[in-house]
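Reviewing the structure listed below.
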Amino acid sequence: NAGVTQTPKFQVLKTGQSMTLQCAQDMNHEYMSWYRQDPGMGLRLIHYSVGAGITDQGEVPNGYNVSRSTTEDFPLRLLSAAPSQTSVYFCASRGLSGNTIYFGEGSWLTVV
Amino acid sequence: QQQVKQSPQSLIVQKGGIPIINCAYENTAFDYFPWYQQFPGKGPALLIAIRPDVSEKKEGRFTISFNKSAKQFSLHIMDSQPGDSATYFCAASTGSGTYKYIFGTGTRLKVLA
C-alpha cells in the first residue's frame, strides 16, 4: 500500500525556471493538499482540492498552480521559481469520512 | 484568530523523562485537535488526536490534556525514549468535513540516552 507518493524527492532549480511536483495517492481520498514546511513556520497550506475538478487556495498560494483532473493525482506547479520558494513540500490526502491527514515523504526544493 | 501557538520550539530531556509540549488557540470553533510526529526526512504522521468534549486522551505513552476554558492543549510523553526524538506538530480544525487544518510551528524533541 503506497499511500501518498511524491516525486521528485530532491530538486535544484534556477531562479525563473518552472517545474511540477508530482503527487499521487492510492487510497481513493477525496481531499488532497499541498503544504510547505519552513524552519520556525510549521506547515502552511498552499492549495487544496476537495475532489476532481475542484481546487482552492490555502494560506500561501502565490507563485503556485494546481489542478485535479483525477482523484489520484494532484500536481503542484511552480510557474517562475524564486529563492523564497526554497522549502520542503508535502502532499497530503484525507478521506471524506475521516479526520486523519496522510502525508507524503516530502520534496526538497532549492531555488538558486 | 486562526493561529495555533506552540511551545517550546525545542526540548531536550533525558531518557525516562516526561516532555510536555503546549499549544494554544483562539478560534472557539475548532473542534478537532491532532498531534503529528515527524522523523527527519519523513512526512508527518498522526500520533494522537482529541475532541473538546473530553479533557484527556491516552494512547500508549502519549497523552493529550485539553483545557477548553483556557483554549489550550498539551502533549505529554511518558517514559520518553531516544526513539521518540522527532518534531511534533499540534494542529486544529473546524467542522467534521473541513479540510483546513491550522498547524503549530513545531517542537523539536531530543531524548538523550
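The values are calculated or read from the model by the stated rules, or taken from the named source; none is laboratory data. Just so it is clear, the structure is predicted and the values come from calculations on it, not from any experiment. Note that each Cβ is placed from the backbone with ideal geometry, even for glycine, and that neighbours are counted across all protein chains shown. For accessibility, only protein heavy atoms count, side chains too; no ligands or nucleic acids. Shrake-Rupley method; radii C 1.70, N 1.55, O 1.52, S 1.80 Å.
Some notes on this structure:
- Hits in region A:32-43 - residues which are within 17 Å of B:Leu46 (Cα to Cα) and surrounded by fewer than 23 Cβ atoms within 10 Å (Cβ to Cβ): A:Gln37, A:Gly42
- Among (1) surrounded by fewer than 16 Cβ atoms within 10 Å (Cβ to Cβ); (2) touching a residue at least 60 places away in the same chain (Cβ under 8 Å); (3) farther than 23 Å from B:Thr105 by Cα; (4) of a type in the set (S, T, N, Q), the one test that A:Gln11 misses: (1)
- Some residue of region B:25-47 being assigned to a strand (DSSP E or B), closer than 30 Å to A:Cys91 by Cβ, away from chain A (no Cβ under 11 Å) and among the aliphatic types (A, V, I, L, M): no
- Cβ-Cβ distances below 6 Å connect the following pairs, each with a first residue in region B:2-16 that is farther than 12 Å from B:Arg108 by Cβ and more than 14 Å from chain A (Cβ to nearest Cβ), a second residue that is at pLDDT below 95 and in a loop (DSSP other than H, G, I, E, B), and a separation of six or more residues or different chains: B:Lys15/B:Ala113.
- Single match in B:Thr94, B:Thr98, B:Thr107, B:Thr87 (criterion: open to solvent by 10 Å² or more (accessible area, probe 1.4 Å) and either at pLDDT 95 or above or touching a helix residue (DSSP H, G or I) at 6+ places or on another chain (Cβ under 8 Å) (or both)): B:Thr87
- Number of the condition not met by B:Lys42 [criteria: (1) within 30 Å of A:Leu109 (Cβ to Cβ); (2) open to solvent by less than 80 Å² (accessible area, probe 1.4 Å); (3) not aliphatic (A, V, I, L, M)]: (2)
- Pick from region A:63-112, criterion more than 14 Å from chain B (Cβ to nearest Cβ) and under 19 Å from A:Asp26 (Cα atoms), ranking: most open to solvent (accessible area, probe 1.4 Å): A:Ser69
- Across region B:22-32, the qualifying residues are those that are surrounded by 16 or more Cβ atoms within 10 Å (Cβ to Cβ) and free of Cβ contacts under 8 Å to residues at least 60 places away in the same chain, and the one among them that is nearest to B:Leu11 (Cα to Cα) is B:Asn22.
- Among the residues making up region A:1-33, a single one is in contact with a strand residue (DSSP E or B) (Cβ under 6 Å, 6 or more places away or on another chain) and among the acidic types (Asp, Glu): A:Glu30.
- Close pairs from region A:60-75: first free of Cβ contacts under 8 Å to residues at least 24 places away in the same chain, partner surrounded by fewer than 16 Cβ atoms within 10 Å (Cβ to Cβ), Cβ under 6 Å, at least 6 apart: A:Asn65/A:Arg77
- Residue check for B:Lys100: free of Cβ contacts under 8 Å to residues at least 60 places away in the same chain and within 11 Å of chain A (Cβ to nearest Cβ): yes
- Selected residue (only one of B:Ser80, B:Ser65, B:Ser74 is more than 14 Å from chain A (Cβ to nearest Cβ), more than 25 Å from A:Ser107 (Cα to Cα) and either in a loop (DSSP other than H, G, I, E, B) or open to solvent by 60 Å² or more (accessible area, probe 1.4 Å) (or both)): B:Ser80
- Flag for B:Glu26 being farther than 22 Å from B:Val111 by Cβ and at pLDDT 95 or above: no
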